[in-house]
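Notes follow once the structure below has been shown.
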Amino acid sequence: MDKNFKYSTAVLALPLFFVLLLWIIYWLEIRYDFDFIENGIYPRTFSGLQGVIFSPFIHADLSHLYNNSLPLLVLLAALQFFYAKLSPSVLIYGVLLSGIGTWLIGRPSYHVGASGLIYVLFSFIFFKGVFTKYYRLVALSLTVIVVYGGMVWYVFPKVDEVISWEGHLAGFISGLILAIVNKTPEYEYQKVIKYDWEQPDYDVSKDKFMQRFDANGNFVNLPIPEPEENYFYSDWNVSYEIIVTEKNESEPES
């Protein structure tokens, strides 16, 4: 199983590129006086659907961007290292599902920021490790919950009126769905088979011990098999010739 954990340049390149892209977009917004907020998610409006794609790349202010940068670096690196095969699908579907969820349940205001994606990554990494029961991934789940466990409170309303708890909740649920849907048979817990009856192709009718029990579960003696008589048969014709010989023996003297 450990062969699946391979370090590659993508482990660092992916989070660095993504976070750098966020900072470049924010710099363009400040430098050229753009206002990308209206490209965020505005719930239950047709124009607000554009934010499903654009909102993770838009941040309200420098503090908002800074607070999202470090968790993105850590969680994206963990995703790429431990779940390299699932990384593209988790990111793409995570953005879409969390964005649509926010669009459906959000308050009537613009929702922007990569925090929804952060909650997707947090939820996916935690639940996937628990589901696989593989000790290294379980350890990763525990590490994530210890470091970022406090994030769970911000999926509830009234905790902080400024933040988009709807985006957090949508991201958290999206990560759970992705953890269930995406299968990882290479990590899934597999029971060590010790006995023949644990084999998937086990045939109880051929088991000598089980043959000692009838349909009601009563112990019975097996019938004594009759010995088989073995004969040798041949199609060859055998001919016998009798040869008479005279013995040259002297008669005993009287």
Open item on the list: For a 27 Å ceiling on Cα separation, which of these pairs sit above it: LYS133/LYS206; LYS158/LYS183; LYS6/LYS133; LYS6/LYS183?
Closed with: LYS133/LYS206; LYS158/LYS183
Open item on the list: How high is the relative contact order of region 81-198? Use alpha-carbon pairs under 8 Å, at least six apart in sequence, and give a whole percent.
Closed with: 37
Open item on the list: Give me the tail of P(r) for region 22-102 as a percent: Cα-Cα pairs with distance above 19 Å.
Closed with: 47
Task: Of every Cα-Cα pair in region 12-166, the percent that sits beyond 22 Å - done: 42
TODO: Please give the contour-minus-distance gain from TYR202 to LEU16: 0.36 nm per residue of separation, less the Cα-Cα distance, rounded to one decimal in nm.
DONE: 61.8 nm
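Laboratory data are not the source of any read-out in this text; all were calculated from the coordinates shown. This is a predicted model, so every value here is computed, not measured.
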